[in-house]
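Reading through the structure tokens given below for one structure.
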Amino acid sequence: MLTATDSLMDTDPEAAMYSIMTIDSTIIPLMRKRDRARYLLLRTEARYKCSLPVREDTAINKAVSFFANRGPKSSYASALALRGAVGFENGDFVSALKDYKDAEAIIHDSGSFLKKGMLHTRIAELYRLTFVNDSITVERYRKALECFQQAEQPDYILQGQLSLARALLHVSPDEAFPHILAGSALARQLADTNMMLVAKELKSSYLLAKGLYNEVIHVNRRTCRQYGRHKTPAHDSPMANIMLATATAYAKTGHPDSAKAIARGIPCNALDKAVWHRLNYDIAVSEGDMDSAIAHLLEENRITDSTSTAGYQMHLRGVEKRHSADILNEQYSSFITRYKTFLIILAGMICAISAVAVTIYSRNMRLKRKMEKDIAIIRNFNKEKPTTSSGGRDIAGQGSLSVTEEMLKITDELMDAYYKYGKTRVISSYVKAILEHHFPNGGTMARVVRIVDSIYPGYLAELHKNYPSLSEKDIYLIAMMACGFSTGTICALRRISENSLYVEKTRVAKKIGENIRLADFISRSLQAARQS
């Protein structure tokens, strides 16, 4: 139901009002907070767009608080605008202007043209009712009309044309007249009788401002005959202004009796007191009663001065400027905060990158020193003389030479890869490629066994003879450990994880039957093989 109400709000406010009123009041306390806030917003909006009083709708404050904290921003802007309307009807123009400006700041970039136009209209109404800053009133009505035209909403364009014309009548009647004609034509096109009457009222005021008193009388007689028989409450205000213009025209043309007769038909509460004294002043001048004329003129001036003073004391223009300045200050503070945050993040990133660079450099230097150490060991190993018999010495020497050549090739390729790619991320892929080349998954076992047989002749054969339950894979594991390969190297050559390697070591140790760690057994047996 809330969604249906929202969809009807712009096109058919009366239907939206009916839709919102059909919601059972007993379920409102049971609604989720978001739905309740939305309900309060739509209820106030429907009443406002149906021209019903909203001065008592203070519950809109709850909707403003909710949407301010929870969003969305569009709903928050709408709630602010409606709270401004409530303040406007309660005579709190300053609070109303602040709410309107807050809403305007939100919808400035993302809001629809229709909402922008409505806000311009409401702010213009504030300035118009304070009887000061006519130029600001006109400027706001112009912007509202432009927004309505861009939104392509004929009803709102009609209101914009006539509102701008009314504001211009006090500044430049000639500039107001084209807008009166445009509004009148559009009202006839839309068959809107109420707005047609407003257009006739404005035309009457224009003729009066131009001093065309006879035309005022002629036009207004026809208007009174046309609308007098089908008068509605919506006609009260424009008809009162038309009768005021007619009475003033009679007084200006020397017919005070006719002016008095028409003035008696105008409801006293339909006109501003200053305007009422102005009419009586014109009638008194027409009658030649200068004492009464002066008294009415003085009273009119007193009321006008009092109203203008009250309007200036509200300082609406100052409120608007201060609000704009506050927004600029807030934006500047936000920019400074974001700038400082950016500098802190940038400094942190530089520190982190520096730390990573130092770590990588240190790691590469350690790797380089280790490689250089390994090369020195291999060179020393190649210079050592075997102590066995001549036959065994030749075989072991050939095996050692083969192993040494292989290790030198690997070392050379690793050093070359480090020189070219040591400071890049691709070093790991090149190291992996070197290992795959020299230690392929399928041919590594024979090579490792050959290395052990070269260094420790007969060791693996004797081991298999003493422990026949050992499989080739078990012998392969013992051979790699005998070569002194680290856990990471064994896992890389076997393509297994550390957990799997630990399980295999435990299983092999059980087959041997020794109640010690497999590494200790291999170390002890290798020592025995050297002594023998």
- Message: Checking I512 against (1) open to solvent by 40 Å² or more (accessible area, probe 1.4 Å); (2) in contact (Cβ under 8 Å) with a residue 40 or more places away in the chain: exactly one of these is not met. Which one?
- Response: (1)
- Message: All but one of (1) surrounded by fewer than 12 Cβ atoms within 10 Å (Cβ to Cβ); (2) assigned to a helix (DSSP H, G or I); (3) of a type outside the set (D, E) hold for R507; state the number of the condition that does not hold.
- Response: (1)
- Note on the structure: With the first residue restricted to segment 445-459 and required to be on the phi < 0 side of the Ramachandran plot and in a helix (DSSP H, G or I), and the second required to be open to solvent by less than 20 Å² (accessible area, probe 1.4 Å) and of a type in the set (S, T, Y), Cβ contacts under 9 Å at 6 or more apart or on different chains are M445/Y476; V448/Y476; V449/Y476; V452/Y459; D453/Y459
- Note on the structure: Being modelled with pLDDT under 80 and β-branched (V, I, T) narrows I344, I303, I360, I353 down to just I303
- Subset of segment 1-51, residues more than 31 Å from the chain's Cα centre (by Cα), in a helix (DSSP H, G or I) and of a type in the set (D, E), comes to E14
- Inspect all residues belonging to segment 461-469 and state whether any of them is closer than 19 Å to Q531 by Cα and surrounded by 19 or more Cβ atoms within 10 Å (Cβ to Cβ). yes
- Flag for S95 being open to solvent by 30 Å² or more (accessible area, probe 1.4 Å), small (G, A, S), in contact (Cβ under 8 Å) with a residue 24 or more places away in the chain and on the phi < 0 side of the Ramachandran plot: no
- Condition set within 14 Å of A79 (Cβ to Cβ) and at pLDDT below 85, scope segment 1-48, selection most open to solvent (accessible area, probe 1.4 Å): answer is D6
- Condition test on R447, is it modelled with pLDDT under 85, of a type outside the set (F, W, Y), open to solvent by 40 Å² or more (accessible area, probe 1.4 Å) and in contact with a His (Cβ under 9 Å, 6 or more places away or on another chain)? yes
- Query: If A251 passes every condition in (1) of a type outside the set (S, T, Y); (2) modelled with pLDDT of 85 or more; (3) surrounded by fewer than 21 Cβ atoms within 10 Å (Cβ to Cβ) but one, which one does it miss?
  - Reply: (3)
- Of the residues in segment 258-271 that are in contact with a helix residue (DSSP H, G or I) (Cβ under 8 Å, 6 or more places away or on another chain) and free of Cβ contacts under 8 Å to residues at least 12 places away in the same chain, the one that is most open to solvent (accessible area, probe 1.4 Å) is C268
- Item | In segment 68-92, the residues that are open to solvent by 50 Å² or more (accessible area, probe 1.4 Å) and farther than 15 Å from E45 by Cβ | A68, N69, R70, P72, K73, N90, D92
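Per-residue answers, yes or no, for (1) assigned to a helix (DSSP H, G or I); (2) modelled with pLDDT of 80 or more; (3) open to solvent by 50 Å² or more (accessible area, probe 1.4 Å):
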{"position": "V285", "(1), (2), (3)": "yes, yes, yes"}
{"position": "R322", "(1), (2), (3)": "yes, no, yes"}
{"position": "N329", "(1), (2), (3)": "yes, no, yes"}
{"position": "N364", "(1), (2), (3)": "yes, no, no"}
{"position": "K368", "(1), (2), (3)": "yes, no, yes"}
- Message: Can you go through E175, E139, E152, E125 and tell me which one is on the phi > 0 side of the Ramachandran plot and not β-branched (V, I, T)?
- Response: E152
- Kindly check whether there is at least one residue in segment 172-190 that is at pLDDT below 90 and either within 21 Å of S286 (Cβ to Cβ) or open to solvent by 70 Å² or more (accessible area, probe 1.4 Å) (or both). no
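In segment 478-491, which residues are under 54 Å from the mean Cα position of the chain (by Cα) and either surrounded by 16 or more Cβ atoms within 10 Å (Cβ to Cβ) or within 20 Å of K510 (Cα to Cα) (or both)?
Residues satisfying the conditions are T487, C491.
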- Checking V54 against (1) open to solvent by less than 30 Å² (accessible area, probe 1.4 Å); (2) closer than 22 Å to E89 by Cα; (3) assigned to a helix (DSSP H, G or I), the condition it does not meet: (3)
- Taking segment 191-200 and keeping residues over 17 Å from Y141 (Cβ atoms), in contact (Cβ under 8 Å) with a residue 12 or more places away in the chain and either open to solvent by less than 30 Å² (accessible area, probe 1.4 Å) or of a type in the set (G, A, S) (or both) leaves L197
- Selected residue (criterion: modelled with the lowest pLDDT) from residues of segment 207-236 that are closer than 18 Å to G183 by Cα and either under 48 Å from the mean Cα position of the chain (by Cα) or open to solvent by 30 Å² or more (accessible area, probe 1.4 Å) (or both): A234
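The values are calculated or read from the model by the stated rules, or taken from the named source; none is laboratory data. Since the model is a prediction, treat every value here as computed from it, not as a measurement. Positions of Cβ are generated from backbone atoms using ideal geometry, with glycine treated the same way; all protein chains shown enter the neighbour counts. Accessible surface areas use protein heavy atoms only, side chains included; no ligands, DNA or RNA. Shrake-Rupley method; radii C 1.70, N 1.55, O 1.52, S 1.80 Å.
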